[in-house]
Amino acid sequence: MISFITPTRRPEPATLARMKAMLPTGCEFVVVSVPGGAAYAKNVGAAAASGGVLVFVDDDVELLTRWDWNRWLSWDWQFAIAELYWPGPDVNGFMMRTESTMLNVLTAVFRYKLFMSGFAAVRREAFEAVGGYNENVTFEEHAITLDFYRHRFRGARLPVRVRVLRRWHGWHPQNDTTSRGKVRPPPKPGEVEVYHL
């Protein structure tokens, strides 16, 4: 089972319908709207998921791929990232192109596997070995990437392209999605929804 996990502040029906339409048939789709920041929501989603592979997907992206999980899972990796990020037409400004280009150069040219949640897959045993996302740091994606490397886990780039539909604020000094310093209450009914597609 492949479990796609999406943290979202507001699970809008139109957004959920768009995401369900782009995910592969037979997967599990876990939507988490619990407060407490992105890292906490991702960990809550991972705990609710039943898949042996966890895929973290933002609610503001479109994934462009031909899903071939049988082939991909035969490759030697514990965590994997998308091969390309690029802004969609509505947000295709200079800074978005610049940041996307820098990210793509980092992953394609320098071979650094950055576990970006626009699309990031991890085998459950690797996720559990590093203790999931660190909820006490500002940038949880960078932190879990370093944890994977410290454990000598192997990363890969999968043939998935991420079209970003909302502007990033990658250089902003404040990160309002962080879990650091936030109250992290247990999920209430309706804050974790599991769909089987």
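Coordinate-derived values only; no laboratory data. Fair warning: this is a prediction, and the values are worked out from it, not measured in the lab. Ideal geometry is used to build each Cβ from the backbone, glycine not excepted, and the neighbour counts take in all protein chains shown.
Counting only Cα, what are the radius of gyration and maximum Cα-Cα distance Dmax of region 16-60, in Å?
Here Rg and the maximum Cα pair distance are 10.8, 31 Å.
Indicate the gyration tensor shape class of region 88-150 (rounded, prolate or oblate), computed on the Cα atoms with a ≥ b ≥ c the square roots of the eigenvalues: a/c under 1.5 is rounded; otherwise a/b larger than b/c is prolate and the rest oblate.
prolate
Contact order normalised by length for region 1-52, with contacts defined as Cα pairs under 8 Å and 6 or more residues apart; what percent is it?
Computed value for region 1-52: 53 percent relative contact order.
Can you show me the helix-derived [θ] at 222 nm for the chain, built from DSSP H runs with n ≥ 4 at -39,500 (n - 2.57) apiece and divided by the number of residues, rounded to the nearest 500.
-8500 deg cm²/dmol
Work the Kirkwood hydrodynamic radius out for region 38-150: mean of 1/r over every pair of different alpha-carbon atoms, inverted, in Å.
15.1 Å
Near Lys113, within a Cβ-to-Cβ distance under 10 Å, what is the net charge of the other residues, with Lys and Arg +1 and Asp and Glu -1?
+3
May I ask you to derive the relative contact order of the chain, considering only C-alpha pairs under 8 Å and at least 6 residues apart, and to give it as an integer percent?
The normalised contact order for the chain reaches 34 percent.
What is the antiparallel percent of DSSP beta bridges lying wholly in region 1-156, to the nearest 5?
Here the antiparallel bridges make up roughly 40 percent for region 1-156.
Kindly write out, for region 178-188 in residue order, the coupling ³J(HN,Hα) from the Karplus curve 6.51 cos²θ - 1.76 cosθ + 1.60 (θ = phi - 60°), rounded to whole Hz, with x marking Gly and Pro.
The phi angles translate into 4, 8, 4, x, 9, 6, 10, x, x, x, 8 Hz.
Provide, in order from the shortest bin, the percent of all Cα-Cα pairs of region 1-77 in each 5 Å bin, continuing until the bin that contains the maximum pair distance.
3, 16, 26, 24, 19, 9, 3, 1
With a point put 7 Å past each Cα toward its Cβ, work out how far Tyr149 is from Thr101 in nm, to one decimal.
In this crude label model, Tyr149 to Thr101 measures out at 2.4 nm.
Classify region 35-89 as rounded, prolate or oblate, taking a ≥ b ≥ c as the square roots of the eigenvalues of its Cα gyration tensor: rounded when a/c is under 1.5, otherwise prolate if a/b is larger than b/c and oblate if not.
oblate
Convert each backbone phi in region 65-74 into a coupling constant with the Karplus relation 6.51 cos²θ - 1.76 cosθ + 1.60 (shift: θ = phi - 60°), then list the ³J(HN,Hα) values in order as whole Hz, x for Gly and Pro.
6, 9, 5, 9, 4, 4, 5, 4, 6, 7
Along the Cα-to-Cβ line of Arg180, 7 Å from the Cα, sits a label point; which residues in region 112-142 have backbone N less than 13 Å from it?
The answer is 134-142, whose backbone nitrogens lie closer than 13 Å to the label point.
Counting only pairs 8 or more residues apart or on different chains, how many lysine pairs in the chain have their Cα atoms under 24 Å apart?
For the chain, qualifying lysine pairs total 5.
Please report the projected area of the chain's Cα convex hull averaged over all directions, in nm².
It is 10.7 nm².
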